[in-house]
Each structure stands twice: as structure tokens, then as C-alpha cells.
Amino acid sequence: MRAGWKPTVCTLSLAAGVLLPAARPAAAGDAVVLPEVEVTEKRPTEAEERAPTAFVSEVDTTQRDAALETTTDVLQDAVGVQVQRFGGLGAFSTISIRGSTASQVPIFLDGIPLSQAQDQTVNLADLPLDSVQRIDVYRGTVPVGFGGGGIGGVVNLVTKPASATPSTELSAGYGSFETRKVVASHTQEVGGFDLLAHVTYLGSKGDFTYNDDNGTPQNPTDDTRTTRINNAFNSVGALLKGTRELSDNLSLDATEEFFFKHQGVPGPASTQFADPSLTELRSLTYLRLRADRLAGGTVDTAGSVYGVYNLQAFDDPQGNFGSVEDTHNQTALFGGSNTGTWYAPLGQTVRWFDELSYEEFFPYNRTSDPANGPNQSRLRLTLAAQNEIALVSDRVLLVPSVRYEHLLDDFSGVNSANMPDTPAETNALNLWTPAIGAAGRIAPWLSVRGNIGRFERAPNFAELFGNAGSVVGNADLKPETGINRDVGFIATLGPTGWIDQAELEYAYFHNNVADLIAFEQASRTQFKAFNIGSARLVGSEVSLTTTALGHLSAEVNYTHQNTADLSEDSPYGNQLPLRPADELFTHFAVFNEWGKLYYEYTYVSSDPTDPANFIIVPSRSVHTLGLVATPRPWLAIKFAAVNITNADIRDLGDFPLPGLSFFGSVQVTL
């Protein structure tokens, strides 16, 4: 348990005369003693344990209502989060937290890094959902229990646990544009191991229609209705997980996560391409040994070894995206980490994290000479510690922390003939991240918290070394740095009147980022990364969840942010591209034991896609109606009508999203 959380035990004794279900009346002068009653506060969640002063959204993916959705859909509903898509279901998608870039948000699965040194941007469309129990989104804070720093925050996907109790889940879904989904999972004990096997298939033809403005948005006379082409995809995800209790305080976890997808890449709305395709494969494996209650019950610790392999094969035989490409790029990551907690004297809880990892990128382009590009590698050492100090009878919590990262990059540059230069170059980089947070319990129903820290992001391989094609490396890049500040409160209300429960969270954030890395045109066909300047990101986040009258529920997430580009090329403080000022998500439901009817509304304000703020993506509103029927405890039938107004929606400028869509699914749990 962490500092600030302690079980409270009280013994109650009542004088004679109190009505009790006793066997005999109390004699005069006797005291009637009730049995000892233990009153225990709500135990903090795992995410709260990692960062007790942070603002974190914990999304329970097992309680979602949608008939068919992906990790992209789940994350775009969260407060403080913006998602950008290059099209509909299955298309490349990225995340921004509090106005950050996608590269500034490291993403993990069970604490194992998915963000790569080659390009830290993770495609949300490739992340598992049905095998995930919850998604933790840390906004503006990077807990010490994760390797690799960031500026915007952290996303951690927590997979479902294996269980000794036999259970099987089967579900199938179908919807518009020949979208289909099949999920199968089973868990039981085998040979002393609690095992979980999970498989998900998701595919779609993606041939929705949309309004094509022919690249002239100001001239409606040449607009036509067009069908999306080359937008089909098929994907398979699998999870195999085993847990074994080796002793009373020692357990072993073994996990293999696999993902494969093949898809067309249609390009923008006004200029579609029929030929480009992308194939992706990921394999993530880890072993984790956990030991609890060591050193007289004061220490918990866990050690992990892991490996992650990624393959991306992009084929553009006609050169639709600028040049003929036939790439098979591979990345291999190996590492080991240790994390632990020491419940120290004087109300302190000390947490630590250390990790050593090695990553290598193997570029290959069949159309280049030579086809094998220069290998690029990164050795990373991370050391981090945090101390939770409880004060004022556990009503105040101070949490100072520090993270140190040492990076050693090796790479071979390329000359004008695309041949590896010799000798190879080596870059060393040291990053420091100090931070402090505080939380106070003002009343049993009200707590306040705040954080301030300095965060850094090291340049990735594409920015440092280029890609032997359209991107030229810049080994002189400095890390991006950010000063993140936030303050806010959380108010909870128990059963009172017609309200069953309610929770309101408000957070104000003010972040400054310096030495922003951006690509600028270096020649007619090549781009080079530069440190271009700084930015200011200020905003507010409001989140409300409530249930009432035993049959009504509501969820409201609203984010407002004011971003300003403070680089020399933007003297007027232009709004940062792809950071909408306002986002709203609402979910209202009427429910009973037989099912649920719900309505969702999503609003995203207009935002620019270019630094000069000339190209503007219009605001959009999406209305959804849904039904969840549970005629039996083991059966769930879901149906949803998405974008019921058939609004014409654009994201990232000229990339269309589907109009009116229908989806249904049936889930059986045995």
C-alpha cells in the first residue's frame, strides 16, 4: 500500500438499552459490545499507485457499449486527448495529449515500450483492444515506472489477466462497408499455470462514399459524390498469457502479443491511389517475475525481460506518394527492467525503476541501390526514483521524482550516391527529468492536486539519420524540452437524493515546449529536421461521470486548449496545427438489468493543418444512437447507428471519414 492509504479499524460498544438481536435482555449496568468492525477506505488503483498526484484517465475497456470499436475510438473519447486520423476504420491514427505531438507521447503495453527509436509515433489503429482490460492515460506526467521519457504524457495498455476459473468468450460483429469482427478467448488452469488465449480478427472493405471537392474547397460547382477505393484491410491480433504462483510471495508472468495487418493506402480524398499497400507485423514477448512482501513485508519488486519485433512493408509501385517504394523495414528491441516499492518508515513510500534496452533499425528498399540502408542503433539506460511523503496525518502527499536517461546512438550516414559513409558516427546524450507533485485531501469528498516538471524527448532515428530517401538526417538536433504544470481538483459525491454517485474532475494545465523538432524542405525532393523554436500550450479539462435514480448514467468530457507557435517563423503566435481548441464527448444512457439505450455526441472545433493557419479543417459533430440488450447473463447483443446525421467529415485536411454507418454484434460468455 502507498503512503496516504491506511486501513482504519474501530471497535464499537453500545450501552444497555440499545436494541440488539441478543439472546437475552441486557442486565442493568451491563455494556453491550458489538463485534469489531473494520472500515476500509477505497484502495487506490494501480494507475494511482504509479503517480498518486497525476491526472490520469483509466478507461475500462470491458464495460464499453459500442457494437464495434477500436483503440482509436476509445482514446478519442478521453478528456485531454486529441486523435488525428488519416481516414476511417483501420487507417493510420495518432494521439496528442494536451497539445503535444504524437512523438511526445510514449505508448506501452503492460509497461513494455511500443514506441520505437526509429519513429516514436505509434499507429493507434494497430493497438489491441479486445484483449485489453483497461487503458491508462497519464496527462502531462510521466511516472517513474515507465522507461523512456516523454513530454505530453504516457499511454499504457493493460492486458486482461489469466484466470484459473474456466471461461470462454465468443463474439461476432458486422456492419457497414462489409466491416466484420470476430473475437474468441478462453482462460483456465493448465499444469499449474493460469492461461489466457485470445484472438481477434477485424477487417473491412472501407468503401464508404463521401463528398469530393476535387481539391477546390472554395468552388462547390465541381463537387461530386465519390466512393473510397483501395481502403480495405484485414488484421489479426493474438494474446497468449500465462501466470504461475511459484510461492506465497513469488509469481511468474509470461506473455506473447502478436499483430498482423495488410491494408490498402488510398491517399487523400481528392486524389485517390489504387495501388499502394502496407503490411505490418508486431511480436512482443516478455517474462516478468514478481516478488512481494520482501524485507519483512516492506518491499515489493518485479523484474522483466522483453523483446519487440516490428516489420513495416510499404509498396508503392507507381510512385503515387512521390517515388517508387518497396520497403521492408525492420526494428528489433531487447531489454530488461526492474521496478520496486519500499514502504519506508515515517510515512514514506519509495519507488524505483531501472532499465537497459538496445534497439536496432534495419532499413531495406528494393528499389534503391544498395537495397540495404545503413543500420541505426540505440542503447538506452534509464534510472528513476520517486518518494511519496505523507504529511499532516496523511492528508497531504508530496511526491518528488527524478529520471535519468543515457542514450548512445550508432549510425552510418549516407552520401549523395546513397552509399553508407564510413566510419560510423556515435552520439551520446544525457537527459534529466526532475518533477514534483502534491495532493491534499480537503474533505472526504474533495481532493486537490498539482504537478510541475521538466521533461525531455530525444530525437528519433528518422530525425537524426534520415532514411536514405526523402528525409535527410540532422545529427546536430537537440532534444525537445518541456516545462509542464497542472493544478486541479477531484470531487466525489456518494448516494444523496436522486444521485447514486458522481465524480467531477477539473484540471488546468500550462506547458511550454522549447527546441521543437519539425521537418523543413532542404531541396526539391528532400526534407531535413530542425529545432525550430518553442510553443505554449494552455488549457482546461473537465470530466464528469454520474449515475442517478438507479437507471440513468451520464459521462461528459470537455477539453479546451489554447496553443501558440512561438518560433521566429510565427511572429503572431499562430495556433499549432492539428490542435483543435475545443473537444466535447458526451454519453447518456438509460439502463436496467435487461440492457441499455444510449446516445453519444462528439464535437471537435475547426483547426488548421499548416503552421501558417491557412488550411482549416472544419468543425465536426457526430451523433450516435445505440442499444445493448442482455436477455441472459451470458448473452449481450449490441447495435449502433454512428453519424446518424450523415455529416460529411474531414480529419487531417483532405482525408475523409465515413458518413452514416450501422454496426451490430453478438457476444456469448460461457
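The slack between residue 346 and residue 330, meaning 0.36 nm per residue of separation minus the straight C-alpha distance, is 0.8 nm. Accessible area per residue for the chain is 45 Å², calculated with a 1.4 Å probe on protein heavy atoms, without ligands, DNA or RNA.
Give me the net charge of residue 164's neighbourhood, meaning all other residues with Cβ under 9 Å from the Cβ of residue 164; Lys, Arg count +1, Asp, Glu -1. Surrounding charge for residue 164 is -2.
A simple spin-label model places pseudo-atoms 7 Å from Cα toward Cβ; at residue 321 and residue 635 they are separated by 4.6 nm. Could you tell me what % of all Cα pairs in the chain have separations over 35 Å? That tail contains 47 percent of the Cα-Cα pairs. Calculated FRET efficiency, residue 475 and residue 184, Cβ-Cβ r, R0 51 Å, to nearest 0.05? Given R0 = 51 Å and the Cβ-Cβ separation, E is 0.60.
Exposure check, 1.4 Å probe, all protein chains in place: residue 45 carries approximately 40 Å² of accessible surface. When Rg and Dmax are taken over the Cα atoms of the stretch 146-241, they come to 21.6, 70 Å. Residues in the stretch 51-62 carry Karplus couplings, in order, of 8, x, 9, 7, 8, 10, 9, 10, 9, 7, 6, 7 Hz; the curve used is 6.51 cos²θ - 1.76 cosθ + 1.60 with θ = phi - 60°, and Gly or Pro positions show x.
Using the Cβ-Cβ distance between residue 536 and residue 623 with R0 = 45 Å, the FRET efficiency computed as 1/(1 + (r/R0)^6) comes to roughly 0.85.
The phi-based Karplus calculation (6.51 cos²θ - 1.76 cosθ + 1.60; θ = phi - 60°) puts the 3J(HN,Hα) values of the stretch 317-328 at x, 9, x, 4, 8, x, 8, 5, 10, 8, 9, 9 Hz, whole numbers, x for Gly and Pro. For the stretch 273-281, 3J(HN,Hα) computed residue by residue from phi via the Karplus equation (6.51, -1.76, 1.60; θ = phi - 60°) reads 10, 9, 10, x, 9, 9, 10, 10, 9 Hz, glycine and proline entered as x.
Taking the accessible area of the chain, probe 1.4 Å, and keeping the other protein chains in place, the carbon and sulfur fraction comes to 60%. Counted without the sites themselves, the longest stretch of the chain free of GluC sites (Glu not before Pro) in a DSSP loop having at most 12 other beta carbon atoms within 10 Å is 42-567. Checked against a 26 Å cut-off, the cross-linked pairs 181/596; 241/261; 261/596; 160/638; 160/596 give Cα-Cα distances beyond that limit for 261/596.
Given +1 at the Cβ of Lys and Arg, -1 at the Cβ of Asp and Glu and no other charges, the dipole of the chain around its Cα centre is 1300 debye to the nearest 20. The local environment of residue 58, defined by Cβ-Cβ distances under 10 Å, has a net charge of -3 under the rule Lys, Arg +1 and Asp, Glu -1. In this structure, residue 224 and residue 581 have a Cβ-Cβ separation that, at R0 = 22 Å, corresponds to a calculated FRET efficiency of about 0.10. Taking amide H as placed 1.01 Å from N in the peptide plane, the amide H of residue 595 sits under 5 Å from that of 630, each at least 5 places away or on another chain. Estimated from helical segments only, the mean residue ellipticity of the chain at 222 nm is -500 deg cm²/dmol, where each DSSP H run of four or more residues counts as -39500 (n - 2.57).
The values are calculated or read from the model by the stated rules, or taken from the named source; none is laboratory data. Bear in mind that the values here come from a model prediction, so they are computed numbers and not experimental data. Note that each Cβ is placed from the backbone with ideal geometry, even for glycine, and that neighbours are counted across all protein chains shown. Protein only, heavy atoms only, side chains kept; ligands, DNA and RNA dropped before computing areas. Shrake-Rupley method; radii C 1.70, N 1.55, O 1.52, S 1.80 Å.
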